[in-house]
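S.K.: A single structure is presented below for examination.
The values are calculated or read from the model by the stated rules, or taken from the named source; none is laboratory data. Model, not experiment: these values are computed from the prediction. All Cβ positions, glycine included, derive from the backbone under ideal geometry; neighbour counts span all protein chains shown.
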Amino acid sequence: MTRPAITSIQQDFQLMLLICSIMATLWYCLPHPLFAPLIAIFPIAIMLVLALPFEMVLLFVIFSFFRIHEVFPALYSLKIPLILSMAAIVGLSWHIAITGRVKLWWSRELWLISAFFVLVALGVLMASNRTVAIEYFKGIYWKICLMTYAITWLTRTSRDFTLASMLLTISGTLVGLVALANKVNGIGMVEETRVTIGRSFGSVLGDPNDLALVLMFPAAFGVSLITTPKLDRWQRWLGIVSVPVLFFAVLATQSRGGLLGIMAVFGVFAYRKLNNRFLFIALGLVAAIALYAIAGISDRSSGGAAEEGLDASAQGRLYAWQAAWRMALEHPMTGVGIDNFYVNFFFYSPHWDGLNHAVHSTWFGILAETGFAGFGVFVAIIILLLRQAFNSIGALNELPGAPAAIVATANAVFAGLIGTVVAGTFLTQGFTWPIYILAALILAVARWITLARR
């Protein structure tokens, strides 16, 4: 009976030692008078970090993916993503190594995802421009890798799934509202008609295609909140408010990839509600034509109806995809390296107009930057994730008493992954957050179902 008490005392001593060491190190590195009051609240902050590891990870992912500190520039100088990254790593490490509250587990999908991470890392060492590859890997991609595991292992309860769905939907809605406000006020417009956010200071959302990707992602969660029975009323109202905001914000970007993606998301939910497949196809065609007209894509300066023959946007993509194929042929095992397509475009493109171009395709981007080996593993991951997500929905329908929050998440990640796959034709997202967040939540749902059946 005494052993648990000793273990508890040991853990308390280790925690106290950790806090004191961190405080002493910070005081030594930052000998400033204002640091004294911060020391007073530091133990409380540490306790919150260790008590809420999932919340720290989720907030870090939200700030990193939705770029909240760039959407609201007043937050930029606070270095919130850096603080949250430290909090997430400390909390996760503590509960894995010390308390054992976070149990590590593996699946076929996680093994494949890990293999892909290893291939990308090897590609960094073999990259044609190693400096660019290392910069992207250490600045962005290693965080995505770590947080993929963190979300997978930390999302365990109905409350976790609820919080993830809510915060992802709310964050996307906030970005959508700012995008619509910029559209109305003509702020940060590209090609005179395409909305962006933070373009003046170099935000990632300053590209309308990247903004469309960020807006498309939470749309699946919003629709799922509306269509899933037995959710709380406030959750349903959140979905009702978020979906129109996200939909019109995607239209404002005039991104063909974003438009295809959000249509795919709506189509997945509509397909499950409509029994008449002919009616589904007919409505889909009508909706596609209507949305193309409403979005005003034909009025774009590039890729609009004013251009003769194959428009410049489409022709540029074809040139980029040919360049990607040539990169893979020359580097079949490792590709040219992560984030190296742009800097290698000149050497592999069949056409040169004086400028390097982005690949504008997830599939060709993966092919060019990881080679045929990485591309094969990536496609296998997507196939397994789609199958797992589909099977989870079926399993939840047969599982009595399954929480509505988990059902809503399962529906959202399945539709979200299909939307991401479709949008991947025109959007470069192989090394950005959406696929990995969806993968982590798909695996977390599957794990919950496995444990619930025992």
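S.K.: Here's a check for you: in segment 326-366, which residue that is in contact with a helix residue (DSSP H, G or I) (Cβ under 7 Å, 6 or more places away or on another chain) and of a type in the set (S, T, N, Q) is nearest to GLY261 (Cα to Cα)? Reasoning before the result, please.
M.R.: We begin by selecting, within segment 326-366, every residue in contact with a helix residue (DSSP H, G or I) (Cβ under 7 Å, 6 or more places away or on another chain); these are 326-328, 331-341, 343-345, 348-352, 356-361, 364-366.
From the residues that got through so far, the ones that are of a type in the set (S, T, N, Q) too are 334, 340, 344, 349, 356, 361.
Working: THR334: 29, ASN340: 26, ASN344: 28, SER349: 27, ASN356: 26, SER361: 13 Å.
Ranking the qualifying residues of segment 326-366, first place goes to SER361.
S.K.: Right, another one. If SER77 passes every condition in (1) in a helix (DSSP H, G or I); (2) farther than 30 Å from THR157 by Cβ; (3) touching a residue at least 24 places away in the same chain (Cβ under 8 Å); (4) of a type in the set (Ser, Thr, Tyr) but one, which one does it miss?
M.R.: Answer for SER77: the failing condition is (3).
S.K.: What number of residues in segment 201-216 are out of contact with any helix residue (DSSP H, G or I) (no Cβ under 7 Å at 6 or more places or on another chain) and assigned to a helix (DSSP H, G or I)?
M.R.: So the answer is 1.
S.K.: Then there's this: Among the residues of segment 86-127, which ones are small (Gly, Ala, Ser), surrounded by fewer than 20 Cβ atoms within 10 Å (Cβ to Cβ) and in contact (Cβ under 8 Å) with a residue 40 or more places away in the chain?
M.R.: Answer for segment 86-127, where residues must be small (Gly, Ala, Ser), surrounded by fewer than 20 Cβ atoms within 10 Å (Cβ to Cβ) and in contact (Cβ under 8 Å) with a residue 40 or more places away in the chain: SER107, ALA115.
S.K.: Output yes when any residue across segment 398-407 is of a type in the set (Asp, Glu), in a helix (DSSP H, G or I) and without any contact (Cβ under 8 Å) to a residue 12 or more places away in the chain, and no when none is.
M.R.: The answer is yes, given that some residue of segment 398-407 is of a type in the set (Asp, Glu), in a helix (DSSP H, G or I) and without any contact (Cβ under 8 Å) to a residue 12 or more places away in the chain.
S.K.: Which residue, of LEU177, LEU167, LEU163, LEU146, is surrounded by fewer than 22 Cβ atoms within 10 Å (Cβ to Cβ) and either among the basic types (Lys, Arg) or over 18 Å from the mean Cα position of the chain (by Cα) (or both)?
M.R.: Numbers: LEU167 fails: either among the basic types (Lys, Arg) or over 18 Å from the mean Cα position of the chain (by Cα) (or both); LEU163 fails: either among the basic types (Lys, Arg) or over 18 Å from the mean Cα position of the chain (by Cα) (or both); LEU146 fails: either among the basic types (Lys, Arg) or over 18 Å from the mean Cα position of the chain (by Cα) (or both).
Every option except LEU177 fails the conditions.
S.K.: Just to check your reading of the model, which residue among ALA219, ALA252 is in contact with a Lys or Arg (Cβ under 8 Å, 6 or more places away or on another chain), at pLDDT 90 or above and either outside any helix (DSSP H, G or I) or crowded, with 20+ Cβ neighbours inside 10 Å (or both)?
M.R.: ALA252
S.K.: Also: Of the residues that make up segment 156-176, is at least one part of a loop (DSSP other than H, G, I, E, B), more than 23 Å from PHE426 (Cα to Cα) and either modelled with pLDDT under 95 or of a type in the set (Phe, Trp, Tyr) (or both)?
M.R.: yes
S.K.: Looking at ILE197, ILE151, ILE144 in this structure, which one is closer than 30 Å to ASN340 by Cα, touching a residue at least 40 places away in the same chain (Cβ under 8 Å) and part of a loop (DSSP other than H, G, I, E, B)?
M.R.: Just a single option satisfies the conditions, and that option is ILE197.
S.K.: Now a separate question. Which of the residues belonging to segment 63-105 are of a type in the set (Val, Ile, Thr) and either under 17 Å from the mean Cα position of the chain (by Cα) or closer than 20 Å to PRO43 by Cα (or both)?
M.R.: ILE68, VAL71, ILE80, ILE83, ILE89, VAL90, ILE98, THR99
S.K.: Among the residues of segment 181-207, count how many are surrounded by 17 or more Cβ atoms within 10 Å (Cβ to Cβ) and over 20 Å from HIS69 (Cβ atoms).
M.R.: Of the residues in that region, 4 qualify.
S.K.: Would you mention how many residues in segment 333-369 are under 22 Å from ASP207 (Cβ atoms) and either buried (at least 24 other Cβ atoms within 10 Å of the Cβ) or touching a residue at least 40 places away in the same chain (Cβ under 8 Å) (or both)?
M.R.: 21
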